[in-house]
Amino acid sequence: MPSAGSDDDLLEWYPSQVKGPVDDEVQEADLISTIEFNENGELLAVGDKGGRIVVFQREQQTKASPRRNEYNVYITFHSHEPEFDYLKSLEIEEKINQIRWLKRKNSAQFLLSTNDKTVKLWKISEKTKRAEGFNLRDESGTVRSTNSITTLRIPVIKPMELMVEATPKRVFSNAHTYHINSISLNSDQETFLSADDLRINLWHAEVTNQSFNIVDIKPPNMEDLTEVITGAEFHPRECNLFVYSSSRGIIRLCDMRQSALCDRHCKVFEEPEDPTTRSFFSEIISSISDIKFSHSGRYMLTRDFLNLKVWDLQMDNKPVETYPIHEYLRTKLCSLYENDCIFDKFECCWSPHDNHLLTGSYHNLFKITSRVTRKDAIFESSREQAIRPRQLLKAKKVTPSARRNRRDEINSDSLEFSKKILHCAYHPTDNIIAIATAHNLFTYVAKDSSSTSS
């Protein structure tokens with residue numbers, strides 16, 4: 001556990017920015033499907049169901065603006081296009097399922113993006129100079145006749161207006177029969193894994209025509225199938241370790257040094273089920289929708305439908321911490337099953353020093369929890385916050401006995417399940433969070449963001 005301290009209690013948050021259309025009636029292609037900060041938080045990538053990726057850049061520090069908390073559009077590009085699998089008569093969506101940034105090695109940035117079937121490696125680079133004075137073509141690019149060339153010119157490099165380009169460098173395809181649900185970059189920065197419902201493949205970033213199947217849980221008879229893979233992630237420091245989660249709420253830790261095929265896990269993390277609370281919905285709500293290693297690598301954070309759980313890698317029989325997210329929905333599981341909301345996949349994330357946890361809920365609510373004090377706060381994302389950018393967010397309370405005249409109370413019977421926060425991201429070094437509603441991106445800054453205390 002992190003050490004207790006006065007700075008480790010819940011932070012107060014200011015709304016910083018709201019990105020996206022004002023009108024609620026937008027096309028499905030505009031729905032946000034993933035968000036991800038790069039390693040230093042200077043860039044924030046947002047993927048949508050239309051196959052587009054928008055990269056926002058943190059504003060540069062100036063004397064007039066010493067605190068850089070706003071993000072502006074850096075580049076927008078189309079990562080994936082809709083495809084059709086003629087062999088299976090299946091449409092392949094262009095929706096971006098996940099984005100993962102590579103650590104920066106030179107002046108360019110690299111990111112991995114995936115839809116249901118194909119992973120792509122993109123290079124994002126800046127151009128500030130261009131060559132002029134060619135011999136075989138004029139300034140407009142038209143090829144000149146060799147007969148008109150009387151003198152030999154030496155091209156010169158001249159400054160130009162900044163231009164940002166996105167170039168596809170690698171395409172990793174044809175390796176997944178089922179839909180890819182997660183990708184994870186190894187700490188060696190050379191290999192990455194891609195996971196679908198039944199298999200996990202290991203790739204080298206330089207090799208596109210070959211991958212290694214490291215996990216295969218497909219039974220010989222599909223009628224014997226009892227669970228599917230819901231996510232996979234490499235350990236942040238040990239390049240031989242990775243975990244994958246399942247629809248039964250089980251986490252398996254694998255060591256690639258043991259064997260080429262990691263079907264035999266070295267550790268299983270599973271919480272025994274209380275038979276007194278078992279119901280028709282037990283298996284559905286225990287399915288893990290997201291799994292993240294802590295920055296230290298000692299803990300894992302998982303999100304199921306109702307809870308956040310923190311697991312210690314040294315203890316596999318139960319989580320060391322459990323935080324209910326929306327326990328008030330336990331009595332509404334039947335209606336949530338009927339409208340398919342019970343299958344929603346909520347993400348979760350750690351703060352920079354692993355002291356705070358962030359995840360989303362319905363009614364455009366998100367919850368921040370302090371691991372030190374075990375206190376939590378629920379906030380609501382709304383476009384009205386853009387009108388009052390320097391007004392602190394007020395915590396909300398969801399209760400069946402909410403009073404109508406109290407703006408900080410929300411009745412659990414009047415929650416809008418069509419409004420939900422599935423995707424969230426925490427800045428890797430500062431107290432800045434990014435929250436995605438259906439088609440809007442919200443960024444929030446802690447009251448004292450000059451020093452990181454999370």
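The values are calculated or read from the model by the stated rules, or taken from the named source; none is laboratory data. In this text the structure is predicted, and so the values were computed from the model without any measurement. Positions of Cβ are backbone-derived with ideal geometry, glycine not excepted, and every protein chain shown enters the neighbour counts. Protein only, heavy atoms only, side chains kept; ligands, DNA and RNA dropped before computing areas. Shrake-Rupley method; radii C 1.70, N 1.55, O 1.52, S 1.80 Å.
Things worth noting here:
- Test: residue in region 105-120 that is at negative phi and open to solvent by 90 Å² or more (accessible area, probe 1.4 Å): yes
- Residues located in region 268-311, provided they are among the charged types (D, E, K, R) and farther than 18 Å from Ser351 by Cβ: Glu270, Glu271, Glu273, Asp274, Arg278, Glu283, Asp304
- Answer residue from region 140-188, given it is in a strand (DSSP E or B) and among the β-branched types (Val, Ile, Thr) and is modelled with the lowest pLDDT among those: Val143
- Of all residue pairs spaced 6 or more apart or on separate chains, those with beta-carbon atoms under 6 Å, a first member in region 178-194 that is over 24 Å from Lys218 (Cα atoms) and a second member that is in a loop (DSSP other than H, G, I, E, B) and of a type in the set (A, V, I, L, M) are Glu190/Ala205.
- Failed item, numbered, when Glu380 is tested on (1) touching an Asp or Glu at 6+ places or on another chain (Cβ under 8 Å); (2) under 14 Å from Val18 (Cβ atoms): (1)
- Meets criteria (touching a Leu at 6+ places or on another chain (Cβ under 7 Å) and within 22 Å of Ile342 (Cβ to Cβ)) for Phe281: yes
Rundown of residues vs (1) assigned to a strand (DSSP E or B); (2) on the phi > 0 side of the Ramachandran plot; (3) at pLDDT below 90, yes/no style:
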position	(1), (2), (3)
Leu392	no, no, yes
Lys397	yes, no, yes
Arg403	no, no, yes
Arg406	no, no, yes
Ile410	yes, no, yes
Ala425	yes, no, no
Ile433	yes, no, no
Tyr444	yes, no, no
Ser451	no, no, yes
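- Qualifying residue in region 206-213 (condition: of a type in the set (Phe, Trp, Tyr), assigned to a strand (DSSP E or B), in contact (Cβ under 8 Å) with a residue 40 or more places away in the chain and farther than 26 Å from Asp304 by Cα): yes
The rows are residues; the columns are (1) in contact with an Asp or Glu (Cβ under 7 Å, 6 or more places away or on another chain); (2) of a type in the set (D, E, K, R); (3) open to solvent by less than 10 Å² (accessible area, probe 1.4 Å).
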residue: Thr373; (1), (2), (3): yes, no, no
residue: Arg407; (1), (2), (3): no, yes, no
residue: Cys424; (1), (2), (3): yes, no, yes
residue: Ile433; (1), (2), (3): no, no, yes
residue: Ala436; (1), (2), (3): no, no, yes
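- Unique match (being exposed (fewer than 13 other Cβ atoms within 10 Å of the Cβ) and either of a type outside the set (S, T, N, Q) or at pLDDT 95 or above (or both)) among Met300, Met315: Met315
- Residue satisfying all of: in region 151-172; charged (D, E, K, R) and within 30 Å of Asn72 (Cα to Cα); most open to solvent (accessible area, probe 1.4 Å) among these: Glu161
- Candidate set: region 85-104, residues that are of a type in the set (Lys, Arg) and part of a loop (DSSP other than H, G, I, E, B); chosen: the one nearest to Asn186 (Cα to Cα): Lys103
- Number of residues in region 252-297 that are open to solvent by 80 Å² or more (accessible area, probe 1.4 Å) and outside any loop (DSSP other than H, G, I, E, B): the value is 4.
- Inside region 330-352, residues that are among the aromatic types (Phe, Trp, Tyr) and assigned to a helix (DSSP H, G or I) make up a count of 2.
- Of the set (1) out of contact with any Phe, Trp or Tyr (no Cβ under 7 Å at 6 or more places or on another chain); (2) at pLDDT 95 or above, all apply to Ser294 but (1).
- Subset of region 367-381 [over 21 Å from the mean Cα position of the chain (by Cα) and part of a loop (DSSP other than H, G, I, E, B)]: Arg371, Val372, Thr373, Arg374, Lys375
- Restricting attention to region 121-150, the residues that are open to solvent by 40 Å² or more (accessible area, probe 1.4 Å) and in contact (Cβ under 8 Å) with a residue 24 or more places away in the chain total 7.
- Candidates are the residues of region 353-366 that are assigned to a loop (DSSP other than H, G, I, E, B) and open to solvent by less than 20 Å² (accessible area, probe 1.4 Å); the one that is nearest to Gln17 (Cα to Cα) is Ser361.
- Qualifying residue in region 189-205 (condition: of a type in the set (A, V, I, L, M), surrounded by fewer than 18 Cβ atoms within 10 Å (Cβ to Cβ) and modelled with pLDDT of 95 or more): no
- The set of residues in region 202-245 that are acidic (Asp, Glu) and more than 30 Å from Gln314 (Cα to Cα) comprises Glu206, Glu223, Asp224.
- Of the residues Ser381, Ser414, Ser418, the single one that is more than 19 Å from Trp350 (Cα to Cα), buried (at least 20 other Cβ atoms within 10 Å of the Cβ) and modelled with pLDDT of 80 or more is Ser381.
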